[in-house]
Amino acid sequence: MTTLTVEANNLTRIYGGREAVSDVSFTLSKGEVLGFLGPNGAGKSTTMKMLTGNLAPSKGSVKICGVDMIENPKEAKALIGYLPETPPLYREFTVDEFLAIAARLHGVSSKHIKVAVQRAKERCGLTEMSKRLIENLSKGYQQRVGIAQAIIHNPMVVILDEPTVGLDPIQIRDIRALIKELGGEHSVILSTHILPEVEMVCDHVQIIDKGKLVFNGSIDILKQQRHGNKLVIGLNNPPAHDVLLKVAGVESVETLPNGLLRVRYAAGQAPAEALVQAAVKQGWGLHQINPDQTSLEDVFVQLTYQDAAA
Ligand code: ADP
């Protein structure tokens with residue numbers, strides 16, 4: 001049986017008469033990593049703040065592991081670890097001191113604080129940094145401290161708001177690996193405006209634009225949209241387009257500037273095998289055949305701007 005860890009129902013937040021977040025509903029199950037994706041100003045942070053009980057919704061409700069955030073905020077919040085966009089770090093403390101404070105604030109009992117700090121440091125690769133002042137750590141390590149404080153009380157749900165912004169590529173790689181690992185034990189919601197990050201880290205994705213969810217599905221569905229019924233074919237002796245159009249399933253053919261051919265086919269068809277057979281039989285000199293991937297950015301633009309284009 002899947003355990004629902006987050007239930008967001010019709011979440012809406014109005015600022016000055018405008019809906020910053022509009023009727024957002026979704027669920028998250030134990031062990032899932034959900035990517036919450038959208039351009040700047042889309043409503044990601046506002047949604048995160050409502051999910052974590054830091055902002056009251058104008059309409060709608062949030063349940064964490066079945067506990068209602070409005071009716072039982074203390075109990076619901078105890079089930080969440082949150083890393084806001086700006087990490088709440090006390091920079092003049094050492095890593096150990098700060099994490100001990102965070103443990104206390106999250107209600108970890110005195111006798112368990114030492115073990116909780118030790119475990120969070122191990123999971124976030126911070127053990128070597130225990131005695132260092134936070135202000136002297138690199139941004140990547142400061143972000144690890146931010147994640148460590150979010151998981152110090154071993155919450156069911158970990159919510160991370162743009163955790164890789166401002167990090168260098170190596171730090172980004174490390175933080176992404178850490179997030180993926182967290183998904184094993186916790187449910188994770190990761191807000192980001194970076195599409196490849198979602199593809200690397202998440203198994204589920206939601207795209208928000210102008211406060212509304214425009215996509216909600218598995219990462220595989222998003223990837224399928226990228227593959228979108230197109231093949232790129234390289235032929236040494238290409239035949240005329242109308243010869244290719246006779247192959248079962250092929251709907252259109254275009255020659256790309258680099259000499260390769262882009263073949264579109266109808267949904268549900270798989271003409272690759274027939275194309276290979278025809279190429280061999282008719283001596284077209286096939287040297288390449290690949291799915292033509294729409295970049296995630298293109299999918300994102302299609303999804304978020306389809307209203308504007310309509
Ligand atoms: P994101 O995190 O996706 O960048 P936000 O949730 O921060 O987006 O913002 C969504 C919208 O709500 C934006 O148009 C923003 O200007 C507006 N907004 C956010 N916070 C406030 C606030 N405290 N008062 C008024 N408008 C706000």
(Q) Over the chain, what is the relative contact order in percent, taking alpha-carbon pairs closer than 8 angstrom and at least six residues apart? (A) 19
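Can you give the charge dipole size of region 138-266 about its Cα centre, rounded to the nearest 20 debye, using +1 on the beta carbon of Lys and Arg and -1 on the beta carbon of Asp and Glu?
The dipole magnitude comes to about 240 debye.
In the chain, carbon and sulfur make up what percent of the accessible area (probe 1.4 Å)?
Solvent-exposed carbon and sulfur of the chain make up 51 percent of the total.
In Å², what does the accessible area per residue of region 227-293 work out to with a 1.4 Å probe?
For region 227-293, the per-residue accessible area is 58 Å².
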Q. Assigning unit charges at the beta carbon (Lys, Arg +1; Asp, Glu -1) and nothing else, what dipole magnitude in debye, to the nearest 20, does region 30-144 show about its Cα centre?
A. 140
Q: Would you kindly find the accessible area of TYR141, with a 1.4 Å probe and non-protein molecules such as ligands, DNA and RNA excluded, rounding to the nearest 10 Å²?
A: 70
Q: Would you mind working out the magnitude of the charge dipole of region 4-223 relative to its Cα centre, with +1 at each Lys and Arg C-beta and -1 at each Asp and Glu C-beta, to the nearest 20 Debye?
A: 400
(Q) Leaving ligands and nucleic acids out of the surface, order GLU251, GLU7 by accessible area at 1.4 Å, largest first. (A) GLU251, GLU7
(Q) Could you identify which residue out of VAL214, VAL243, VAL62 has the top mean-square fluctuation in a GNM of the chain using Cα springs shorter than 10 Å? (A) VAL243
(Q) Just to check I understand the Karplus step: with θ = phi - 60° and J = 6.51 cos²θ - 1.76 cosθ + 1.60, what whole-Hz values come out for region 92-99, glycine and proline as x? (A) 7, 9, 7, 4, 4, 4, 5, 5
Q) At a Förster distance of 35 Å, what's the computed FRET efficiency of SER252 paired with MET200, Cβ-Cβ distance as r, to 0.05? A) 0.60
Q | Gyration tensor (alpha-carbon) shape descriptor, the chain, a/c threshold 1.5 | A | prolate
Q | Options ASN290, ALA100, TYR15, ranked by Cα towards positive dipole end of the chain, top entry (Cβ charges) | A | ALA100
Q: Could you sort out which of LYS44/LYS131; LYS44/LYS77; LYS30/LYS180; LYS77/LYS223 sit more than 23 Å apart by Cα distance in this structure?
A: LYS44/LYS131; LYS77/LYS223
Q. Roughly what angle does helix 272-282 make with the longest principal axis of the chain, taking Cα atoms, 0 to 90 degrees, to the nearest 10?
A. 30
Q. Given H placed on each backbone N at 1.01 Å, which residues far from GLU32 in sequence or on other chains put an amide H within less than 5 Å of it?
A. VAL188
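Output the antiparallel fraction of DSSP beta bridges having both residues in region 137-285, as a percent to the nearest 5.
If we restrict to bridges inside region 137-285, about 75 percent are antiparallel.
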Q. Which one of LEU178, LEU126, LEU261 has the biggest mean-square fluctuation once the chain is modelled by GNM with Cα springs under 10 Å?
A. LEU261
Q. Considering the dipole of region 4-223 built from charges on the beta carbon (Lys and Arg +1, Asp and Glu -1) around the Cα centre, which of THR164, VAL188, GLN142 is farthest to its positive end?
A. GLN142
Q: Classify region 40-119 as rounded, prolate or oblate from the Cα gyration tensor: take a ≥ b ≥ c as the square roots of its eigenvalues, call it rounded if a/c is under 1.5, otherwise prolate when a/b beats b/c and oblate if not.
A: oblate
Q. In the chain, with Lys and Arg counted as +1 and Asp and Glu as -1 at Cβ, which of these residues, ILE70, VAL232, VAL253, has the Cα nearest the positive end of the dipole, that is, farthest along it?
A. ILE70
Q) Which percent, nearest 5, of DSSP beta bridges in the chain are antiparallel? A) 65
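The values are calculated or read from the model by the stated rules, or taken from the named source; none is laboratory data. From a predicted model like this one, the values you see are computed outputs, not experimental measurements. Neighbour counts run over all protein chains shown; Cβ positions are idealised from the backbone, glycine included. Only protein heavy atoms, including side chains, enter the accessible area calculation; ligands, DNA and RNA are left aside. Shrake-Rupley method; radii C 1.70, N 1.55, O 1.52, S 1.80 Å.
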